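Remarks on the structure that follows.
The values are calculated or read from the model by the stated rules, or taken from the named source; none is laboratory data. Source: prediction; values computed, not measured. In this analysis, Cβ positions are derived from the backbone assuming ideal geometry, glycine residues included, and neighbour counts consider all displayed protein chains.
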């Protein structure tokens, strides 16, 4: 049996590195076809040396030039290609079997669509693709007969607990297959017990220090505000053809149960494991088989308690905002995603306070006219307009 050839979009990030780790542990079954990243030239060079991909590319032009220089000096066989003009090549090439979509944010939408339109198996770690363009995205999955497998630990857990008919991502109704509720778990982040009147003083260092997961800065801040869970709520709606009322968010501080599916007979199926992204990556990479992820099994003799409670929307107003946007429709979710990317970037740059993230997101959604076409041009225009609005509001809140 020949090896599966994998393109990794976002290879130097935490998901990309975890994917490379799983591939290295299963090198007889997988090989890296292409690596795509942003600016981390040092890591990209190391990975090109270790995995000898056919192609590599960086979205930053200066970084791409540096990568070319480094690999030329090393006599590397890896070909450096232009991100803007040749990215579709590594997503749609006839020799590619699997595309890992792990570019953070809206930037991941177009390359992911390239892979979908080529009918590839897409491992989706870029939730923003569905948040921005859910109906269009899922229509393309069905039209091009692509295989879409979720990588977010929560959605991968839900996928594992779903009936086979729902896993096929058609337009089946959950209740027709006995599913009464999707229970989407979240840890509550680093500020689950922090006094609300101190939130304006939260620092960047505090916000990126997630208690359970090792993630990039942007996703860590989203977890702290629970906007990440809000975006996952929207993603779950599209992945599993769910109604808003079919999904419930549950705080589970231990992060051992990654999500659950409740059935009409009273059964609840849960997927459990260590808080390690290599588990969902390995599951999706080998699906429907199982491979070594390098993750230690749970030791139930050492597990003292599991606790659950409903989210406090006063503590997590971004979660409430995302759920409300999901009710409003596609343009609203595109707007909050764009506004959130801009506000989180401003917070990470030290320009605004932690509490300003929600204030900006909510105000942009309130200000925007949501009358946009549902095609790709309309979605991208909505995204761009929301970013302009967010940037203007951020300027009024700079510390």
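Name every residue in the range 350-367 that is without any contact (Cβ under 8 Å) to a residue 40 or more places away in the chain, surrounded by fewer than 21 Cβ atoms within 10 Å (Cβ to Cβ) and touching a helix residue (DSSP H, G or I) at 6+ places or on another chain (Cβ under 9 Å), in order of residue number. Correct list: 359, 363, 367. Of the candidates 280, 275, 317, the single residue that is modelled with pLDDT of 95 or more, surrounded by 11 or more Cβ atoms within 10 Å (Cβ to Cβ) and within 25 Å of residue 102 (Cα to Cα) is 280. Where helices (runs of 4 or more DSSP H) sit wholly within the range 171-255, those with at least 2 residues that are farther than 15 Å from residue 354 by Cβ, in contact with a helix residue (DSSP H, G or I) (Cβ under 9 Å, 6 or more places away or on another chain) and at pLDDT 95 or above occupy 227-239. Among (1) surrounded by fewer than 24 Cβ atoms within 10 Å (Cβ to Cβ); (2) in contact with a strand residue (DSSP E or B) (Cβ under 8 Å, 6 or more places away or on another chain); (3) touching a residue at least 60 places away in the same chain (Cβ under 8 Å), which single condition is residue 104 missing? Only one criterion is unmet by residue 104, namely (2).
Within the range 182-223, being over 19 Å from the mean Cα position of the chain (by Cα) and crowded, with 18+ Cβ neighbours inside 10 Å holds for 190, 191, 192, 202.
If you take the residues in the range 1-18 that are out of contact with any strand residue (DSSP E or B) (no Cβ under 9 Å at 6 or more places or on another chain) and modelled with pLDDT under 95, which one is surrounded by the fewest Cβ atoms within 10 Å (Cβ to Cβ)?
Of all residues in the range 1-18, those out of contact with any strand residue (DSSP E or B) (no Cβ under 9 Å at 6 or more places or on another chain) come to 1-2, 14, 17-18.
Okay, now just the ones that are also modelled with pLDDT under 95, so 1-2, 14.
Values: 1: 5, 2: 7, 14: 18.
Top of the filtered list is 1.
You will find that of 29, 69, 21, 47, the residue that is under 25 Å from residue 118 (Cβ atoms) and surrounded by fewer than 22 Cβ atoms within 10 Å (Cβ to Cβ) is 29 and no other. Quick check: anything in the range 252-267 over 17 Å from the mean Cα position of the chain (by Cα), within 24 Å of residue 336 (Cα to Cα) and crowded, with 20+ Cβ neighbours inside 10 Å? No: zero hits.
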